[in-house]
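One structure is given here, and the rest of the page talks about it.
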Amino acid sequence: MSFNEVVSITSQNFPSMFSAVFRRLRALLGQAGPSEEAAKTRALEHLARASQLEARGDLADAEAAYRTAFALDPLLVEAHAGLAGIRWPGPDYLQWLPHLHAVRRPAVYLEIGVSTGRTLRFAQPPTRAIGVDPSPAIDCEFIAETDLIRETSDDFFRNGRLPELLGDRRVDLAFIDGLHLFEQVLRDFINVEANCLPQSMIVLHDTIPLDEQTQNRVCTTRFYTGDVWKIVPCLKHYRPDLHIETVATAPTGLTIVTNLDPGSRVLSERHDEAVAAFIGLPYAEVAADPARVLNIVPNTLGGGANQAPS
Ligand SMILES: C[S@@+](CC[C@H](N)C(=O)[O-])C[C@H]1O[C@@H](n2cnc3c(N)ncnc32)[C@H](O)[C@@H]1O
């Protein structure tokens, strides 16, 4: 086992996360006003009620109670997570990722957005794992040989570190879970695909938005997908050659992309046009028919054509 840490902190842009963090800190420091405190208390009461309703199988009322809870306290992440669990029953993404490792047995696994390392650690020997995150906060041990690169994904791909790490290999399985903005995920996808094999798999996190607020480009909640979902209609439009399925798994979906073309230049050459065309999609577009817009498939481990190696 080895854990190679590359320390090279570079530019990073955390849009508006600060406002949410600041509000949380202010509350923790006891500086919230009386009405804000009262709303938080009521939110917790609705959260408790929602859990009881859910436990007894009254899902419609539980959903309503979860919604009331996070309307009162948008930072009550447990309320959003509770609603997501009702909306997307079955195995969650932390069950899906080890399943994909077991089925695909990737020689090289690349993860963009590592945070505590709880998903990077799913890589098992002999997989070689590479994690990229400008500010990880690792709280676990890695079993596979792992390189942790402390950079933004843009810097990582720009500075040529990946070819150096890969040698004559390519990325077999990738998980994109970094900055939750559509145009960043598009760039990450372009850069990752260029380093894959045609039979590799790219998995995108946070592609099913829970509601309008949590998919806004400005982050005001702790439960936050941002507008990552726009990557799915964008890829469907510009790259009909890709095989794209979104698994309805809690909390925020996983989009599995296969039939890759590492030599394709369509997205890089039409990048600005693609961003301009899709960045302004309204939430109503996906809310009206998520199954069609996102190519949603049932949340069944081992059930999709995309999951087995080709
Ligand atoms: C949602 S967390 C990742 C969680 C982890 N994959 C998991 O499932 O537990 C997102 C991470 O992306 C990182 N991040 C933010 N901007 C990034 C960027 N431009 N490139 C790479 N990572 C980024 C953040 O530091 C954060 O740790």
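Every read-out reported here was derived from the displayed coordinates using simple, explicitly stated rules and does not represent laboratory data. Fair warning: this is a prediction, and the values are worked out from it, not measured in the lab. Here Cβ is always computed from backbone atoms with ideal geometry, including for glycine, and neighbour counts include all displayed protein chains.
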### Task
Mind listing the long-range amide H neighbours of Gly131? Cut-off is under 5 Å, sequence gap 5 or more, other chains count too, H placed in the peptide plane at 1.01 Å from N.
Glu111, Asp147, Leu148, Ile149
### Task
Calculate the dipole size of the chain relative to its Cα centre from +1 charges on Lys and Arg beta carbons and -1 charges on Asp and Glu beta carbons; express the result in debye to the nearest 20.
160 debye
### Task
Mind grabbing the base-10 log of I(q)/I(0) for region 35-181 at q = 0.16, 0.18, 0.21 Å⁻¹? Debye formula, identical points on the C-alpha positions, no solvent, two decimal places.
-0.88, -0.97, -1.13
#### Entry: Calculated from backbone phi, Karplus (6.51, -1.76, 1.60) coupling profile of region 195-203 in Hz, x at Gly/Pro
10, 9, 9, x, 8, 6, 10, 10, 10
### Task
Give the whole-number value, in cubic angstrom per residue, of the convex hull volume spanned by the C-alpha atoms of the chain.
141 Å³
### Task
State, as an integer percentage, the relative contact order of region 180-292 based on alpha-carbon contacts under 8 Å between residues 6 or more apart.
32 percent
### Task
Show the residues, 5+ positions off or on another chain, whose built amide H is closer than 5 Å to the amide H of His243.
Thr258, Asn259
### Query
Farthest toward the dipole's positive end in the chain, which of Met201, Leu162, Ala38, given Cβ charges of +1 (Lys, Arg) and -1 (Asp, Glu) about the Cα centre?
Ala38
### Summary
Descending packing, highest mean Cβ count within 10 Å first, for 171-178, 89-96 is 171-178, 89-96
### Task
Could you tell me the largest-minus-smallest coordinate of the C-alpha atoms of region 46-95 on each of the three principal axes, in descending order and whole angstroms?
31, 24, 13
### Ranked packing of 264-273, 249-258, 144-153, most packed first, by mean Cβ within 10 Å
249-258, 144-153, 264-273
### Query
With no solvent and one point on each alpha carbon, what is the Debye value of log10 I(q)/I(0) for region 181-262 at q = 0.12, 0.22 Å⁻¹?
-0.34, -1.01
### Query
What ³J(HN,Hα) values, in whole Hz, does the Karplus curve 6.51 cos²θ - 1.76 cosθ + 1.60 give for region 99-111 when θ = phi - 60°, with x put for Gly and Pro?
4, 5, 4, 5, 6, 8, 6, x, 5, 10, 10, 10, 10
